[in-house]
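Below you'll find the structure, written out as structure tokens, and then a few comments.
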Amino acid sequence: MNSEAADLVAKHVMTFEEILMKNVNKIAFKPRKTKALLHGHCHQKAFDAMGPVEQILSHIDGLEVEPIVTSCCGMAGDFGYAADTFDYSVKMAELNLLPTIRKADENTLIIADGTSCRSQILDGSGRKAIHVARFLDQQLAGSNN
């Protein structure tokens with residue numbers, strides 16, 4: 001593989017949230033006076049990509065974002081669905097993720113980008129988590145979502 005080509009691509013790759021932050025002055029968000037618990041999926045944490053998520057959310061007036069201090073939700077893709085690893089998956093989620101969500105007020109938003117993370121949260125707490133992109137779409141001024 002051509003290292004120079006890979007370096008060139010890497011310099012120009014941005015996450016969705018980084019793109020939004022570059023254009024944040026052109027975006028009007030509706031205020032939202034509420035608390036949101038934020039869970040980052042493993043890839044976001046591994047690549048130190050939670051900062052831009054928190055930054056873009058900070059542009060919504062009234063939104064109080066609290067990152068959940070946790071490691072993997074326990075799903076790791078299909079790891080949590082396999083019969084021989086299901087119990088481990090639940091134990092991982094019960095370390096901090098699920099107890100934190102269960103303690104939260106029912107009006108607290110749960111934001112989680114990982115598909116399997118959202119499944120684990122729903123199955124383990126009964127709470128529905130939303131992807132940050134969907135949440136931001138709902139908060140766009142002029143949006144009826």
Listing S58, S119 by rising number of other beta-carbon atoms within 10 angstrom, fewest first, gives S58, S119
For the chain, averaging the sequence separation of alpha carbon pairs under 8 Å that lie six or more residues apart and dividing by its residue count, the contact order in percent is 26
Listed residues F29, F86, F135; largest mean-square fluctuation, Gaussian network over the chain with Cα springs below 10 Å, found at F86
Region 59-142: relative contact order from alpha carbon pairs under 8 Å, six or more residues apart, as a whole percent, is 26
Given Cβ charges of +1 for Lys and Arg and -1 for Asp and Glu, the option among F29, L122, A104 whose Cα lies farthest towards the positive end of the dipole of the chain is F29
Within region 40-145, DSSP-loop GluC sites (Glu not before Pro) with at most 13 other C-beta atoms within 10 Å are E106
Only helices counted: for the chain, with every DSSP H run of 4 or more residues adding -39500 (n - 2.57) and the sum spread over all residues, [θ] at 222 nm is -12500 deg cm²/dmol
Checking every Cys Cβ in the chain against the others at 4.7 Å leaves as unpaired C42, C72
With +1 on the Cβ of every Lys and Arg and -1 on the Cβ of every Asp and Glu, the dipole magnitude of the chain about its Cα centre, in debye rounded to the nearest 20, is 520
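FYI, it's all coordinate maths here, none of it is from the lab. None of the values given here were measured: they were computed from a predicted structure. No Cβ is skipped: glycine too gets one built from the backbone with ideal geometry, and neighbour counts run over all protein chains shown.
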